[in-house]
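To start, the structure under review is shown below, and the notes come after it.
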Amino acid sequence: ATKAVILVGGASRGTRFRPLSLDVPKPLFDVAGHPIIYHCLTAVSKVPSVHEVYLIGYYDESVFRDFLKDASTAFPKLSIKYLREYQALGTAGGLYHFRDAILKGKPERLFVLNSDVCCSFPLNEMLHLFNEKYAEAVILGTRVGDEAATNFGCIVSDSHTKRVLHYVEKPEGHVSNLINCGVYLFSTDVIFPSIKSAIKRRADRPRLVSYPSSENLESSYVYDQDDEDDETKNQIIRLEQDILSDMADSKQFFVYETKDFWRQIKTAGSAVPANALYLQQAWQNGSEELAKPCANIIPPVFIHPSAQVDPTAKLGPNVSIGPRATIGRGARVKESIVLEDAEIKHDSLVTYSIVGWNSRVGAWARVEGTPTPVTSHSTSIVKNGLKVQAITILGKECGVHDEVRVQNCVCLPYKELKRDVSSEVIM
Ligand code: GDD
Ligand code: GTP
């Protein structure tokens, strides 16, 4: 059998996803009508040999309760459980901590998925390569531009055999433009012993401790604090830095290179391209969930059954309208996510934007962002102190007054925009 783990992180992460992560944990944010991790589960459910999935993270238990209920109905063949780390243990630390639960029933293989990526998750293809090569590990890779590559794990492989020769996490300089997509398949006989030896190596390494001079009590206090931090950091075991590089040297480690779409979901704005990619995938698969195209619906568009869209409003492409949202007459919405209970009034325009829960866009108002280039894999909101994010985001319960124009802005929750604004973070 094969099992799957989805690494969901915790409340201290996803800071770049603000202001949206202030109101909902990033893994549960809706893109293309479903929480981000729902898309991971859809992919996992299509692997015939997988019946058990664990979400591993350090969010409070209550966070995933409702989602798990809905997901067990949506994916009846999967048993889905949340395993909570008492603190951040790192991408491999959590796996190791819950090894007994994971290894129950003696699964031979384990998929591990980062929850914050948007891709077609070609898991069956990875499994095929795994079997064909008698592999011990398979990593999903994709090609990105040279400049973007250093933000990711970089893979050097033998183009003929697909063997991973070398792995470096976020290198300083150019190593390769084949990068780690954050999706793995491991032999359970290899991954757990590998983590164990990484932990052992760390424990054996002589610890570098600086002793404060006896007369300086103030610095002694500071050093104590540092020691405590070290203790916590020492418990963090990362798949990328602590495990994968070694695997490239000593194990049957292969890369499956996807030509399909792949994006990271880090900044709040990256939810807009992720929404577009998942909607396009659903459209290609002939999904019944999408709105039927007509003169005023340019596919793909997702409209929640409880939303109210005036027939004269024009939507699409790449638009998701959340539960109970209302779209007034003559409104135009394209390349955007409109969240639960939001109201878009008549004759307004919303493009390349996210309209937060309960927010209101007034009549004749314009809420505009600029498109993210397809080749961009930028993961930061600010560059040289300037805001670079081009998607406009209205946090929860914001109001854009009638006829106001909001361009390339990030607006924190509960703000009222009464005047035109451009390229600002409104706090
Ligand atoms: N359970 C748990 N515990 N999950 C964690 C922890 C932890 O302590 N730390 C991170 N995660 C989860 C995150 O929620 C995310 O889904 C995933 O692990 C990876 O997050 P990061 O550690 O922030 O790494 P990254 O996103 O900067 O880079 C990773 O992903 C890239 C692809 O998106 C690396 O694997 C890169 O090599 C890779 O290119
Ligand atoms: P992940 O995004 O899950 O990896 O969490 P993280 O803890 O790694 O994010 P981090 O705090 O490292 O933030 C990443 C980048 O985004 C940094 O360059 C921050 O300066 C920037 N950033 C984070 N939060 C905000 C914010 O609220 N506003 C702005 N303007 N920049 C932010």
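Which value, in debye to the nearest 20, describes the size of the charge dipole of segment 91-136 about its Cα centre when Lys and Arg Cβ atoms bear +1, Asp and Glu Cβ atoms bear -1, and nothing else is charged?
200 debye
Roughly how many debye, to the nearest 20, is the charge dipole of segment 1-94 about its Cα centre, given +1 on each Lys and Arg Cβ, -1 on each Asp and Glu Cβ, and no other charges?
Value, rounded to 20: 200 debye.
Which order results if 154, 119 are arranged by neighbouring Cβ count within 10 Å, fewest first?
Going from least to most buried by this count: 154, 119.
Among the trypsin sites (Lys or Arg not before Pro) in segment 54-145, which ones are in a DSSP loop with at most 11 other Cβ atoms within 10 Å of the Cβ? Mind listing them?
When the trypsin sites (Lys or Arg not before Pro) of segment 54-145 are filtered for loop state and at most 11 Cβ neighbours within 10 Å, 77, 104 remain.
Please order 159, 287 by the number of other Cβ within 10 Å, starting at the fewest.
Fewest to most other Cβ atoms nearby, the residues stand as 159, 287.
For segment 1-136, rounded, prolate or oblate, judged on the Cα gyration tensor with a ≥ b ≥ c (square roots of eigenvalues), a/c < 1.5 rounded, else prolate if a/b > b/c?
Prolate.
Using a Förster distance of 41 angstrom, determine the FRET efficiency expected from the C-beta separation of residue 87 and residue 163, and round it to 0.05.
0.70
Can you give me the long-range amide H partners of residue 303? Hydrogens built in the peptide plane at 1.01 Å from N, cutoff under 5 Å, separation of 5 or more residues or another chain.
Residues meeting the amide H criterion: 291, 321.
Under a plain spin-label model, where a point goes 7 Å from the Cα along Cα-to-Cβ, how far apart in nm are residue 346 and residue 172?
6.3 nm
Please give, to one decimal in nm, the separation of the simple spin-label points placed at residue 204 and residue 374, each 7 Å out from Cα toward the Cβ.
5.0 nm
Calculated FRET efficiency, residue 189 and residue 15, Cβ-Cβ r, R0 45 Å, to nearest 0.05?
About 0.75, to the nearest 0.05.
What chymotrypsin sites (Phe, Trp or Tyr not before Pro) in segment 97-154 are in a loop by DSSP, with at most 10 other Cβ atoms within 10 Å of the Cβ?
Those that pass, being in a loop and sparsely packed, are 134.
Pairs 334/396; 77/162; 162/266; 170/251; 77/133: which exceed 23 Å Cα-Cα?
Too far apart for the 23 Å limit: 77/162; 162/266; 77/133.
Between 0 and 90 degrees, rounded to the nearest ten: what's the tilt of helix 217-235 against the longest Cα principal axis of the chain?
Relative to the chain, helix 217-235 is tipped by roughly 90 degrees.
Need the full-extension length gain, residue 128 to residue 363, defined as separation in residues times 0.36 nm minus the C-alpha distance. One decimal, nm.
79.2 nm
Taking the Cα-to-Cβ direction at residue 308 and at residue 73 and moving 7 Å from each Cα, how far apart do the two end points lie in nm?
2.4 nm
At 0.36 nm per residue, and after removing the present C-alpha to C-alpha distance, how many nm does the segment from residue 22 to residue 427 gain when stretched out fully?
144.5 nm
For the chain, what does the relative contact order come out to in percent, with C-alpha contacts under 8 Å and a separation of six or more?
13 percent
Grab the DSSP H runs of the chain that are 4 residues or longer, score each as -39,500 (n - 2.57), total them, divide by all residues and round the 222 nm result to the nearest 500 deg cm²/dmol.
-7000 deg cm²/dmol, from helical runs alone.
Every number here is computed from the coordinates shown, using simple stated rules; none is lab data. This is a predicted model, so every value here is computed, not measured. Heads up, the Cβs are rebuilt from the backbone with ideal geometry, glycines too, and the neighbour counts pull from every protein chain shown.
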